[in-house]
Structures are given as C-alpha cells and as structure tokens.
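Q: This is the structure I want to talk about, given as structure tokens.
The values are calculated or read from the model by the stated rules, or taken from the named source; none is laboratory data. Since the model is a prediction, treat every value here as computed from it, not as a measurement. Note: ideal-geometry Cβ built from the backbone for every residue, glycine included; neighbour counts use all protein chains shown.
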Ligand SMILES: Cc1cc2nc3c(=O)[nH]c(=O)nc-3n(C[C@H](O)[C@H](O)[C@H](O)COP(=O)(O)OP(=O)(O)OC[C@H]3O[C@@H](n4cnc5c(N)ncnc54)[C@H](O)[C@@H]3O)c2cc1C
Ligand code: SF4
Ligand code: FES
C-alpha cells in the first residue's frame, strides 16, 4: 500500500510528542514532513529557565535530535516558516518557496508572546521570553549590561527574573496587578513569595503601568517610563505579559478559529483532513499553556491519525508550580474561592522559606482549589482529591495537615523536595539521589512518574518515595503532570480498571481471552501487569464460572509460597486467630527438623515462618503438614492473610470480650479468599487494643456493650490508622459486617489497591452507606462472600501434596554430569 | 587442545528434554544441568525458548516469572527479559545467556552450548 503523506507545521513539544505516539501505533503508515520556524530540532522549552539560570546548557535540552528524524524517515525543514496552506490542492508553502503536499495536516504552531503596544516596543534590547533565541539574547545581555526589567510577574516573568538575577543583573519586576502571580496565587501567598524573592535580591514595582520604552544614544533601550511619570533604567526589557495562540496561518487558510484553532474531542479541526494540537488549539473553549494537557492531546490525536479511532480528549485540570530553586509554591483549581465555598487556612509567618501558608477551598464536601506556599509535599494528594472529586467530609478535620503522617517509614523525615540537596537520597530502596532523578528528567526528556520509575528505579520498589519523586518531577517540569481522567489499566488497553471490571460484570465475561477479545486488547496475551489483575477480576466476579489461570498469577500465588531472594521459598502454615495447640507446634518442629529448615521466625501476624525450603521440596513439606492438620496460611497472596488477636476475656483481667474466639471465627469464615491486595484483620478484647486492630484492613475492638468495627488501616511504609465504621452488639453482626465490607472491597477496589487508598478514593461516607446504612445491601454482599467461599475456601497445599500442578514443582529434566 | 574439541562436540549435541505439552503455555520449566539451571519457556504461540535461569539483575530465577509475548518478567524485581535473545528490555541493561532449542514433532531438544552474544555464561 502506498503511504499517506502527513505534514506537520510547528516543530515543537506538542507536535513532536504526537509524532512519537503515532510512530508507536503506526510506524509505517505515513511519509512525514515537518516544518519548523526555529532552526533547531525539537527541544524542551520548559527547560529554557534552567538554561537561563545557568543550571543547564542548550545541548542538554534537545528532546529529539536530528538522528531521530532521520531514523524515523521524517523530512525536517528546520528554519522554514510555512506562510500558506492551500486546502484545495492540499499542500503547504513555506516563506522560501518550499512546498509539500499532504493527505493529513497537523497544525502545532504553539503560541506567540503578547507584546505591549507601547512606544519603543521594537527597540533593540526589548524581547519576549519564548524560545532559544530569546534565551540567548538574555544570556548575552547579562554579559554586557546591568539593568534588566521584566514586565509581568507571572510564572514566566519570575523565572526570567530569577535567571537574570543569577546571571548578575540588577533585576526589577514590573507588574500591573496588586500582587504577583495573581492568576495563580492569592495575596497572602503572593506576598510571602515576593518577600523571599526580594531576599534573593529581586526588586518589585507593583500596580505600575508601562507608558513607554525609551531608547538611549546607542539606539538600544535605556529606560522604562510609567504612566505615573516615574522611570527607571533598563538596558534589557523582557515582556512576559501573556501568550496568544498562534492562529494566523490557520485563519488565513479559512480554518475555523476562535481563541485558538477550534478542535473537537479527537483534535480534528473543521477541515477533516486537518488536525491541531498544542497551545495553538482551543478545545471546548480552552487554550492550554502547560505541557501536561498538551501531551494528553497528543496521545489522542495520534490515535486518530493512526486511524485507530479510539480515545477522546475531554479536557484537563491543571495546576502550577514555580521552578525557582528552593521555593515551594503550588496552586490549582479555584484557589480564590468565593460564594458558596469555604476556606481552610493554615498560616505561619515564620518558616524555612520565609513562611508557611496553606489554603484549601471547599465547595460542599469536595475540594475545589488549593494554594500552598513553603511546603508542597501534599500537592499531589490535594490535586488527586480535586480531580477525582472525592467526598472529603470524613477527612476534613485533618485535610490541612496533609497525607503524610508521622510514622511513615523510609524517607528519613525528608519530605520537601525543593529543599533537598542533589546528593540527598530520595529512594532508599534503590539508592537513588535527587540529583540522579533531576538529571534523568532533564537529559532523557522524561515527563511522567512511570518514565522516572523505569529510568531511575526511584519509587519502583516500595513506593514510599513516590510523593517525593512526583514533587521533583513537578519542580523540574513546572506544571504538575495531570494524569488523564481515565487512566488506562496498562499499555495493552485504553480501558481503565473500573471499565474493565464493569465489562466483565455486565457482559458476563468469564475468561481472560474473552476480556481481551471483547475489549480489543492491543497485545495478544497482555502483560505481567494486566493479566494478574484480569485473573483476579474474573475469579472475584464469577467465582463459580471463571477458571483460575495460574500462568497469570505472580509466582508466590502460583507456587503457594513466598519466593525469597536466593530463589528458595518460605512456608507459613495457618494458625487460626493466632492460637496454637501442642500438636501443631510439634508438627511444625518436626517438619523443620525433617527438612532441615535453616531458619524460623514468628511473624507480625502471629504465625511461624519456615525459611529456605527448595521448591522441589514444597509438596513434600506440605504433605507432612497437612497430614498433621495444618493448612496453607496464604502468607504469599493477595488474599486474607491473618487475623491477629489478643488473649481477651478468657484470661486477661481487662478483657470484656472473647477476642480470640472472634478472631478464629472471622478467619474460618474468610480464609482462602482472594482480595485486590493483601488483607489483614485483628481483634482486641478491650479498648487497650493489644492486637493493634486500628492499623488493619478490618479491625474489631471489644467494648462493654459489644464490638467496635474499624476499617482501612495499615502498617508498613505508609502507616494509616483505621476509620471507625460503627458499633455492633452480637457476634453474628461482626461476621456480617466484616464479610460485607470485605466483599465490597473485593468487588470494587482496583487490583493492587489496599483498603486504605481505596477508602481515601471513594470516601468513608460511601463505605458507611454501603455497609452500615443499607441493611439489605450488606446482607447480600455478605451472602456473595459466603458463596464465593464455597468455591475458594480449600487448602491448596493439600491438593498439591496429592500431586496437583506437579509440573510446577519438578524439573523438566535433570541432565547428569 | 584435543580435550577442548571433544568437549565442544559433546556439548553441541541436541539433548531431548521433554514434550512441548510438558511446559505450560505462557510458562516455563527448569532443566537441571551440570552447568546450572536452564529455564525452558513456552509462550501462547507455542514457541519454545531457553535461557540461563538467572536474571542479569540479581540472579532471580526467570523460570518463575510471568511469560507474555516473547518476554518474561523476572519474579524478583520485575525486569523484563526478551526470550529470543536473553537481553533485558530497555531501559534496563544486561543479558541472560540464551541456548539453542529445537522442536521436532512434539519433542523439545536443547543444546548446552550457549549462543554467543551474551557474556553471562
Ligand atoms: C520559558 C518557558 C518556561 C516554561 N515552563 C513551563 C513549565 O514549567 N511547565 C509547563 O508545563 N510548561 C511550561 N512552559 C510552556 C510550554 O513550554 C508550552 O506549553 C509548550 O512548549 C507548548 O508546546 P507547543 O508544541 O504547543 O508549542 P511550541 O513548543 O511553542 O512549538 C511551536 C513551534 O511551532 C513553530 N511555528 C509556529 N508557526 C510556524 C509556522 N508557520 N511554520 C513553521 N513553524 C512554526 C514555532 O517556532 C515553535 O517552534 C514554558 C514555556 C516557556 C517559554
Ligand atoms: S486488648 Fe484488652 S483484653 Fe486484649 S490483651 Fe489487651 S488489655 Fe487484655
Ligand atoms: S533479579 Fe531479576 S529483576 Fe532483580
């Protein structure tokens, strides 16, 4: 088949990202030609600020070097501006006469800086801040001149001012409004920011309107004059008063434009042969000026160019961060508030960055806006609550204090990315320092958390530093990466976890192959991240029909034991409620002796862990244990792990309830069940809570009048105490509530989502409605759990000791020496 | 000298290790050899591959990983390894030695002389 011709106008970040996405989907579909007005390959415009500040060099910020264009067969016309689009003959013409015909045209012309229409605006030394040429002009001016004036104290203006100051100039920022960054900050935060920038040596003139730029003897600009008659010296004037979508070319070709080039949700313009992405576009009336939403557009646009025809761009929520080293400012959403909203405020005029200020704007029970100054480690969390529209009424009293709690382990109390030194360690699991991450982001052109994980391994293990890594990413890239509203489950599909689950339920899909066929999986047999999830969704939705696919399970669940770092396995027999008998202890001792188990440990969940068992020996070890009445402890699974108990009223002088028996009952009811992530319970016999029930997924605490039920806690990396669900009186009620809560979690949480983040996502009020208020719903969820347990409450060890899955435990062949 | 040649010819022999059906689809089995364990994989398309059962990262047993397409994900830290070549999938770097395998009829034959390109024998 003859290739189609694709022409792209504008060789910038949004356009090139679209090409990259397109090449991934349909590498051979198009002959591609690119026109770019700038004489450079595509570079990372965001990083012009660090270049200006002297933190990076120009060659460092190239995203697609010339070899990339060549290797992908892209004809690049760098330095050529397209001046005409002939839509009838379907070709474009550049200023120097170069022509190119197209079957599809992609407009990615970005935006133009707005230049104040004042006398003197064309004098030498008066520039905007948009591209490499501007940046070079500033660096050069700093070498030869002293006074710089930046007009406009928005993000761009402040970054320019910061860079010029670092290059030794005397910098004054002139601003029309009464406070700086008025489009992103309220006055309080802006004043704090201004103070700390002043401490760095910048000067500010607020409420000033520029009247004229005055030339000097050399012909270069020499001063700036204001409406009030005042004037100050300026040999460099940088205008940073805003940008306008660059639509001149599109307009002249008769393509419908409003603020920007008008596109639909597939990024198509009114001419079906012509698509547009980036800052030049108006989507649903909005023209975006940050990279994150533009990349979302790029992805969707590429999909349609590749004629896959799936994916819609429905708009983005954006947030901003200022990239000035050592200062933490964040803002998102409706940060000014107003009628119908409430503000939550936290403010401390003293603080390491000249103060601390947090303002959260609530509307009803939702978070709609935020401004943070001096501490922004929770910005991602706030941003997520806003995007997902989480009901925060249960969190409200502690919302201001953020997600990070005392007691989190793993980052040595470090929580402020901006204040960290390059040599400070961020990821303690994989030993990655801040400098490594910044370097990877800037030199390898990374834009997402996943990219950073893949390249640096930071946040790729325990994940406790995810927040920090996101902060570093945001701080290095300025705009925070706003994840698409619907996050695909993995690269094999565009469907989200929730969509896949709904399809499995509604279309009655009962096998992985069915799901992949119905939902048009892109990769025939999926990948290691979707297959285990699909398998879980299937067996939890259709326990009687779906067949458990062991090849789609992680090794621990496939082998029913925990793989250790030397490739041996550990074995944990179940001790219901943490109670043991003499016979059980003896059986464990015997097995350890017989199979020469090198080490044993008592676990935090009141079990005994036998380490160092060779895989081939597992069935024999299990056979021995099952003969003596012990069953699998599922310590290896995303499953009910343990129910921990204290001794309770039988022996303890404080005990008011029989916690041990309650624990045994709960464990007998739930053992063998698979869950989205590991699931732990505990029962304490009185509020002294010796079983630590308030850091478990489901905690039960005995009280005089019955039982208190708690949900959504966990220990580990990110400690979270439970939320109180309700109080009940009888044993039967405890079992029903526990069962219903677990079943709703099993049915609705995403795979690998523990109860804590699940509850934070859906909100505690939702859980209460489902489990406490809706009695009929609770009873039926409980019933569904028991039905599923009819199938799954069995001992996998006993089966394997009898020879099931023999191939898993025996070598294919032994070749003798 | 003489010895080396003899040894080489011995190693180049094809050794029958079992039937294709003995290996689960999208799974692997281990062949124990005097030179260490070799993982023999079978994917959805019934292609068979053999790699040293040792991840180039920290030696994890690749035979225990999840197989998909022509790749396996290491069970210890989730590196992805290409089954044909044993090369780690970028951005990770490293390789596990790969071994020639042949399927004749339903039988799988393995050679113990690793392919050349990887030094991690
Ligand atoms: C100094 C600076 C700092 C920034 N910091 C951040 C930040 O921290 N975070 C963030 O998210 N965003 C930031 N931005 C904004 C971000 O860089 C832009 O949103 C993004 O680059 C826009 O991408 P685009 O492809 O739409 O436009 P551009 O990247 O501007 O690309 C458009 C290209 O098209 C070319 N062009 C235009 N017309 C024609 C024509 N007729 N023929 C040929 N070529 C043409 C232009 O020369 C230009 O190279 C910053 C921008 C600047 C200038
Ligand atoms: S929680 Fe109460 S009943 Fe249980 S051991 Fe502690 S003090 Fe005794
Ligand atoms: S040992 Fe294989 S990924 Fe670490």
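Q: What is the number of the single condition among (1) crowded, with 24+ Cβ neighbours inside 10 Å; (2) over 26 Å from the mean Cα position of the chain (by Cα); (3) at positive phi that residue A:278 does not meet?
A: Every listed condition holds for residue A:278 apart from (2).
Q: Right, another one. Give the residue, chosen from A:485, A:545, A:520, that is modelled with pLDDT of 90 or more and assigned to a loop (DSSP other than H, G, I, E, B). Talk me through it step by step, then tell me what you get.
A: On the way: A:485 fails: modelled with pLDDT of 90 or more; A:520 fails: modelled with pLDDT of 90 or more.
Selected residue: A:545, the only one of A:485, A:545, A:520 that is modelled with pLDDT of 90 or more and assigned to a loop (DSSP other than H, G, I, E, B).
Q: Next up: Checking residue A:106 against (1) touching a residue at least 40 places away in the same chain (Cβ under 8 Å); (2) farther than 26 Å from residue A:288 by Cβ: exactly one of these is not met. Which one?
A: (2)
Q: Pairs needed: first member in segment A:170-198, on the phi > 0 side of the Ramachandran plot; second member anywhere, modelled with pLDDT of 90 or more and part of a loop (DSSP other than H, G, I, E, B); C-beta distance under 9 Å; at least 6 residues apart or different chains.
A: Listed by first residue and then by second, the contacts come to A:181/A:153; A:181/A:154.
Yes/no per residue for (1) closer than 24 Å to residue A:573 by Cβ; (2) touching a helix residue (DSSP H, G or I) at 6+ places or on another chain (Cβ under 7 Å):
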residue	(1), (2)
A:706	no, no
A:715	yes, yes
A:727	no, no
A:730	no, no
A:734	no, yes
A:749	no, yes
A:761	no, yes
A:776	no, no
A:817	no, no
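Residues checked against (1) over 16 Å from residue A:280 (Cα atoms); (2) surrounded by fewer than 19 Cβ atoms within 10 Å (Cβ to Cβ); (3) touching a residue at least 60 places away in the same chain (Cβ under 8 Å); (4) away from ligand 3 (no atom under 16 Å from the Cβ):
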{"position": "A:3", "(1), (2), (3), (4)": "yes, yes, no, yes"}
{"position": "A:6", "(1), (2), (3), (4)": "yes, no, yes, yes"}
{"position": "A:18", "(1), (2), (3), (4)": "no, no, yes, yes"}
{"position": "A:28", "(1), (2), (3), (4)": "yes, yes, no, yes"}
{"position": "A:41", "(1), (2), (3), (4)": "yes, no, no, yes"}
{"position": "A:46", "(1), (2), (3), (4)": "yes, no, yes, yes"}
{"position": "A:50", "(1), (2), (3), (4)": "yes, no, yes, yes"}
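Q: Filter segment A:567-612 for residues that are touching a residue at least 60 places away in the same chain (Cβ under 8 Å), over 30 Å from residue B:77 (Cβ atoms) and in a loop (DSSP other than H, G, I, E, B) and give the result.
A: Listed by number, the list holds a single entry, A:579.
Q: Based on this model, can you work out whether residue A:36 counts as in contact with a strand residue (DSSP E or B) (Cβ under 6 Å, 6 or more places away or on another chain), in contact (Cβ under 8 Å) with a residue 12 or more places away in the chain and within 21 Å of residue A:291 (Cα to Cα)?
A: Values: in contact with a strand residue (DSSP E or B) (Cβ under 6 Å, 6 or more places away or on another chain): yes; in contact (Cβ under 8 Å) with a residue 12 or more places away in the chain: yes; within 21 Å of residue A:291 (Cα to Cα): yes.
Taking the combined requirement at face value, the residue satisfies it.
Q: Next question, about the same structure. Tally the residues that are at pLDDT 95 or above, within 7 Å of another protein chain (Cβ to nearest Cβ) and surrounded by fewer than 24 Cβ atoms within 10 Å (Cβ to Cβ), restricting the search to segment B:38-60.
A: The total comes to 0.
Q: Restricting the first residue to segment B:29-58 and requiring it to be free of Cβ contacts under 8 Å to residues at least 24 places away in the same chain, which pairs with a second residue that is within 16 Å of ligand 2 (Cβ to nearest atom) and in a loop (DSSP other than H, G, I, E, B) meet a Cβ separation below 6 Å and a spacing of at least six or different chains?
A: As it stands, the answer is none, since no pair meets every condition given.
Q: Related question: Considering only residues of segment B:41-65 that are under 12 Å from residue B:97 (Cα atoms) and outside any loop (DSSP other than H, G, I, E, B), which is nearest to ligand 2 (Cβ to nearest atom)?
A: Checked segment B:41-65; the qualifying residue nearest to ligand 2 (Cβ to nearest atom) is B:62.
Q: Report, by residue number, each residue of segment A:658-679 that is closer than 30 Å to residue A:534 by Cβ and buried (at least 23 other Cβ atoms within 10 Å of the Cβ).
A: Restricting attention to segment A:658-679, the residues satisfying the condition of being closer than 30 Å to residue A:534 by Cβ are A:666-679.
Hits for segment A:658-679 are A:666, A:667, A:670, A:671, A:673, A:675, A:676, A:679.
Q: Only one residue in A:719, A:683, A:711, A:701 is within 28 Å of residue A:539 (Cα to Cα) and touching a helix residue (DSSP H, G or I) at 6+ places or on another chain (Cβ under 7 Å). Which one? It would help to see each step written out before you state the result.
A: Values: A:719 fails: within 28 Å of residue A:539 (Cα to Cα); A:683 fails: within 28 Å of residue A:539 (Cα to Cα); A:701 fails: within 28 Å of residue A:539 (Cα to Cα).
A:711 is the lone residue from the list that is within 28 Å of residue A:539 (Cα to Cα) and touching a helix residue (DSSP H, G or I) at 6+ places or on another chain (Cβ under 7 Å).
Q: Further question on the same structure: Out of (1) in a strand (DSSP E or B); (2) on the phi > 0 side of the Ramachandran plot, what's the single condition that is false for residue A:331?
A: If we test residue A:331 against (1) in a strand (DSSP E or B); (2) on the phi > 0 side of the Ramachandran plot, just (2) comes out false.
Q: Here's a follow-up. Taking segment B:66-84 as the search range and keeping residues that are more than 8 Å from ligand 3 (Cβ to nearest atom), part of a loop (DSSP other than H, G, I, E, B) and in contact with a strand residue (DSSP E or B) (Cβ under 8 Å, 6 or more places away or on another chain), which one is farthest from the other protein chains (Cβ to nearest Cβ)?
A: Among those residues, the one meeting the criterion is B:84.
Q: Residue A:801 passes all but one of (1) free of Cβ contacts under 8 Å to residues at least 24 places away in the same chain; (2) more than 14 Å from every other protein chain (Cβ to nearest Cβ); which number fails?
A: In the conditions (1) free of Cβ contacts under 8 Å to residues at least 24 places away in the same chain; (2) more than 14 Å from every other protein chain (Cβ to nearest Cβ), residue A:801 misses (1) alone.
Q: In the set A:331, A:316, which member is in contact with a helix residue (DSSP H, G or I) (Cβ under 7 Å, 6 or more places away or on another chain) and within 30 Å of residue A:451 (Cβ to Cβ)?
A: On the way: A:331 fails: in contact with a helix residue (DSSP H, G or I) (Cβ under 7 Å, 6 or more places away or on another chain).
Selected residue: A:316, the only one of A:331, A:316 that is in contact with a helix residue (DSSP H, G or I) (Cβ under 7 Å, 6 or more places away or on another chain) and within 30 Å of residue A:451 (Cβ to Cβ).
Q: For segment A:321-334, give me the residue count where each residue is at pLDDT 75 or above and surrounded by fewer than 23 Cβ atoms within 10 Å (Cβ to Cβ).
A: 2
Q: Looking at segment A:630-656, which of the residues that are within 15 Å of residue A:608 (Cα to Cα), part of a loop (DSSP other than H, G, I, E, B) and over 33 Å from the mean Cα position of the chain (by Cα) is nearest to ligand 3 (Cβ to nearest atom)?
A: Among residues in segment A:630-656 that are within 15 Å of residue A:608 (Cα to Cα), part of a loop (DSSP other than H, G, I, E, B) and over 33 Å from the mean Cα position of the chain (by Cα), the one nearest to ligand 3 (Cβ to nearest atom) is A:633.
Q: May I pose another question? Among (1) within 10 Å of another protein chain (Cβ to nearest Cβ); (2) more than 28 Å from residue A:522 (Cβ to Cβ); (3) not in a strand (DSSP E or B), which single condition is residue B:110 missing?
A: (3)
Q: Now, a different point. Given the residues A:558, A:531, which is the only one that is within 12 Å of chain B (Cβ to nearest Cβ) and within 21 Å of residue A:633 (Cβ to Cβ)?
A: Details: A:531 fails: within 21 Å of residue A:633 (Cβ to Cβ).
Among A:558, A:531, only A:558 is within 12 Å of chain B (Cβ to nearest Cβ) and within 21 Å of residue A:633 (Cβ to Cβ).
Q: Here's a follow-up. Go through segment A:657-699 and count every residue that is part of a strand (DSSP E or B) and within 16 Å of ligand 2 (Cβ to nearest atom). Full working, then the answer.
A: Here is the first cut: in segment A:657-699, the ones part of a strand (DSSP E or B) are A:674, A:679-684, A:698-699.
Applying the additional criterion that residues be within 16 Å of ligand 2 (Cβ to nearest atom) yields A:681-684, A:699.
Total satisfying the criteria: 5.
Q: Related question: Name the residues in segment B:90-107 that are surrounded by fewer than 14 Cβ atoms within 10 Å (Cβ to Cβ) and assigned to a loop (DSSP other than H, G, I, E, B), would you?
A: Of everything in segment B:90-107, those that are surrounded by fewer than 14 Cβ atoms within 10 Å (Cβ to Cβ) and assigned to a loop (DSSP other than H, G, I, E, B) turn out to be B:90, B:91, B:93, B:105, B:106.
Q: Listed residues A:735, A:752; which is within 38 Å of the chain's Cα centre (by Cα) and crowded, with 17+ Cβ neighbours inside 10 Å? Even if it seems obvious, please write down each step before you answer.
A: Values: A:752 fails: crowded, with 17+ Cβ neighbours inside 10 Å.
That would be A:735, the only listed residue that is within 38 Å of the chain's Cα centre (by Cα) and crowded, with 17+ Cβ neighbours inside 10 Å.
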